[in-house]
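Just so it is clear, none of the values below were taken in a lab; they were calculated from the coordinates. Model, not experiment: these values are computed from the prediction. When we count neighbours, we look across all protein chains shown, and the Cβ atoms used for this are built from the backbone with ideal geometry, even at glycine.
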Amino acid sequence: MLYRLFALLLLVMPVAAHADWYEASTPHFVVYADRDPDKLKAFATNLERLDRAIRLMVGGASAEMSNASRVTVFTVDDVPTVARLIGRQGVEGFFIPRASGSVAIVPEQGSGGGDLALKPLQILLHEYAHHLMWSLDPNTGYPSWLVEGFAEFNATARFGKDGSVTLGEPPLYRGVSIMGDVYLPMDKLLTVDSKTLDDSQMEAFYGRSWLLTHYLRLGAPQRSTQLSAYVAALKAGKSLREAAQVFGDLKKLDGELEVYKKRHLSISTLTGAQLAIGPVNVRKLSPAAAATMEVRIRSKVAVSPETVQPIYADARRAAAPYPNDVDAQMVLAGAAIDAGDYAEAEAAVDRALATDPKLVRALTFDATARMLEARKAKDMRPETWNAVRAILSNANRLDPRDPLPLWLYYRTYGEQGVAAPEIAKDGLNSAFLLAPYDYNLRMTTAAMYLGERNGTGARTVLRPFVNDPHSGAHGPLAAAMIEKIDAGDIPGALAMLSRKPEKPAAAGD
C-alpha cells in the first residue's frame, strides 16, 4: 500500500562500522547512500530529470529554492531491512513532507514479485509527485482521483541512458484494477473522498484514477482541453460536481475508458535535450558524518516518547569523538533538542557555528532550543524573545528562501503570548508559499487568517485538505472549519484548532 507517514516512525538503520557514505547534491534533492558514487550520481540525476519533466508537463516554472528545502533521500539496502528497522511489515518506502526539510527513505532492492510488483523507486516517484503538486499549485482543492492519478502517472517514469524521461507507462502493479470489470463509476470517481473507501474500493479507485488521468493527458485528442478546463473550474472555486460538468455525459466517458484500456496506450517521452538540469555534485562524507549517519536518520524520522532518550544517548556517543565537526555537532544538537537537553543543544550549536558561522540550520536549532527553554521556564521577558528573534532574523538574511526561520519567527510571538506584528505575519505567509506541503504550517497560516477575521484567506488555505487522500485528521477538521467560515462564524472556526502548544519544527533536522 502506498502511504505517506506524517507521524514520526521508528527507524533504526545500522551503518557498517567502516562504511563510506556519499552525498549527491542537485538543485532539488540531496541523496545519501553507502553505495558506488557513480550509481548514486546516476540515481540523483534521474530524480532531477524527473522533476524537470513533470514541470514541463504541467507548465510549472522551476523557481529558485533554498538548499534547505530540497528533498533529502536516504537509501537503505532492501525491504526486509526497512521492515525490521521500523518494526512493521509492508512498508517499502515512505516520504515525510515538512518545511524544515522533506525526507524520503527508499530501499535499493524491492521485495520481489517480478514485473507486476510495486517497486520502491515507484513509491518514491509517486510521493514526490504529490510533493510537487502541492509546491506548484498550493491552493487548489484537487479531488482525490486527480491527486492519485497524477502521482501514479509519474510513478512509472522510465529513464533512458540518453537522458530522456518517458511518462505514462502503465503501472503493472495496478493491472488487475485497471483491466478488471469492477470499477468506480465516473460520477462517484470524480466526487468521492478516497478516505471514505474500503480496501477493495481503493484498489479500483487507484486503477481508474490512473486510467482517467492517462486518457485525458495522452489518449483523447477530442478531450484535450477538458482537463485544463476542469482544473480552471476548481481554481475558480467550483464544487467537484460542478467542475465535472466540463466532461459532459459521464456515462459516455465511462464507456470510452472501457474501450481505451484495451488499446495500445500512448506514452510521452521528453528528450535529454529538453531536460537540461543543474549540476549534480557527489562528495564523500567525512568520517564524522559517516559515524553519525545512523543516529542522524533516526533523529529525523524515529523520535517518539519511547525512543527519544535512546536516540539522544546514541547521538552523544557517536558525536563525542568529533567535537569540531559540523555534521556531528548538528546531529547532536537536534537529538538534544528532542530530548529536552537545551543547554547541550546550545553548546553543540556553538561548536558548529564556530566552524561555520553562516550555517542557517544551526541558527534555527539555536533559536528552537532557546524557545523551548523559555517555554519550560515560563520566561516571557521581552529581552529573552528579542534575542531569539535576532537569531532568526540573521538566519533569514543568510537564506531568505528558507521557510523555517520565517515560521519560527512568527511562532515566537505566540510563545511569548503577544500579538504578532505585520512583519511576522508577512513572513509566515511567505513561509507557507515556500513550503505549502507542510500540513502544520498550512494550519498555522489558516489560524493567522482567522485571527485577522479573514475568512476568505483561511478558506483558501484550508480547502486543499478536504479531499486530499493523505490529509488524515486534517481533512475532516478543515471541512468543519470551512463550514463555520461559510456560516460567518470565524471565532467558531478558530476555536476548533487545538490550543495545545506545538514544538517548534526544527528539532531532529
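Which of the peptides 398-407, 64-73, 414-423, 356-365 is most tightly packed, and how do the rest follow, judged by the mean count of other Cβ atoms within 10 Å per residue? Write down the numbers at each step before the final one.
Numbers: 398-407: 23.4, 64-73: 18.0, 414-423: 13.5, 356-365: 20.8.
Ranking the peptides 398-407, 64-73, 414-423, 356-365 by packing returns 398-407, 356-365, 64-73, 414-423.
Convert each backbone phi in the stretch 294-311 into a coupling constant with the Karplus relation 6.51 cos²θ - 1.76 cosθ + 1.60 (shift: θ = phi - 60°), then list the ³J(HN,Hα) values in order as whole Hz, x for Gly and Pro.
The phi angles translate into 4, 6, 4, 5, 4, 5, 7, 10, 10, 6, 8, x, 7, 9, 4, 6, x, 5 Hz.
Looking at this model, which pairs from LYS235/LYS261; LYS238/LYS261; LYS195/LYS252; LYS238/LYS484; LYS39/LYS358; LYS41/LYS119 are more than 24 angstrom apart at the alpha-carbon? Don't jump to the answer; show the numbers that get you there.
Values: LYS235/LYS261 29 Å; LYS238/LYS261 29 Å; LYS195/LYS252 27 Å; LYS238/LYS484 19 Å; LYS39/LYS358 32 Å; LYS41/LYS119 20 Å.
Pairs exceeding the cut-off: LYS235/LYS261; LYS238/LYS261; LYS195/LYS252; LYS39/LYS358.
Under 17 Å Cα to Cα from LYS378, which aspartates and glutamates show up? Leave out anything in the same chain fewer than 8 places away.
Partners found: ASP341, GLU415, GLU502.
Counting Lys and Arg as +1 and Asp and Glu as -1, what is the net charge of the other residues whose Cβ lies under 12 Å from the Cβ of GLN201?
Numbers: positive: LYS188, LYS195, ARG208; negative: ASP193, ASP198, ASP199, GLU203.
Here the count lands on -1.
Per residue of the stretch 248-262, what does 6.51 cos²θ - 1.76 cosθ + 1.60 with θ = phi - 60° give for ³J(HN,Hα)? Whole Hz please, x for Gly and Pro, Karplus curve as stated.
Per-residue couplings from phi come out as x, 5, 6, 5, 5, 5, 4, x, 4, 5, 5, 6, 4, 5, 9 Hz.
What whole-number distance in Å separates the alpha-carbon centres of the stretch 239-313 and the stretch 143-176?
10 Å
Give me the mean projected area, in nm² to one decimal, of the convex hull enclosing the Cα positions of the chain. Could you put the intermediate results ahead of the total?
On the way: hull surface 93.6 nm².
Quarter of the Cα hull surface area: 23.4 nm².
Find the relative contact order for the chain and round it to a whole percent, using C-alpha pairs within less than 8 Å whose residues are 6+ positions apart. Don't skip to the end; give the middle numbers.
On the way: 832 pairs, mean separation 85.4, N = 509.
Over the chain, the number comes to 17 percent.
With θ set to phi - 60° and the Karplus curve 6.51 cos²θ - 1.76 cosθ + 1.60, what are the ³J(HN,Hα) couplings of the stretch 373-381 in order, to the nearest whole Hz, using x for Gly and Pro?
Using θ = phi - 60°, the values come out as 5, 5, 4, 4, 8, 6, 8, 10, 5 Hz.
With label points built 7 Å along Cα→Cβ from the Cα atoms of SER239 and GLN309, find their separation and express it in nm.
5.4 nm
Multiply the residue gap between ALA479 and ILE267 by 0.36 nm, knock off their C-alpha separation, and tell me the result in nm, one decimal place. Present the calculation step by step, with values, prior to reporting the outcome.
On the way: separation 212, 0.36 × 212 = 76.32 nm, distance 3.73 nm.
Using 0.36 nm per residue and subtracting the Cα-Cα distance, I get 72.6 nm.
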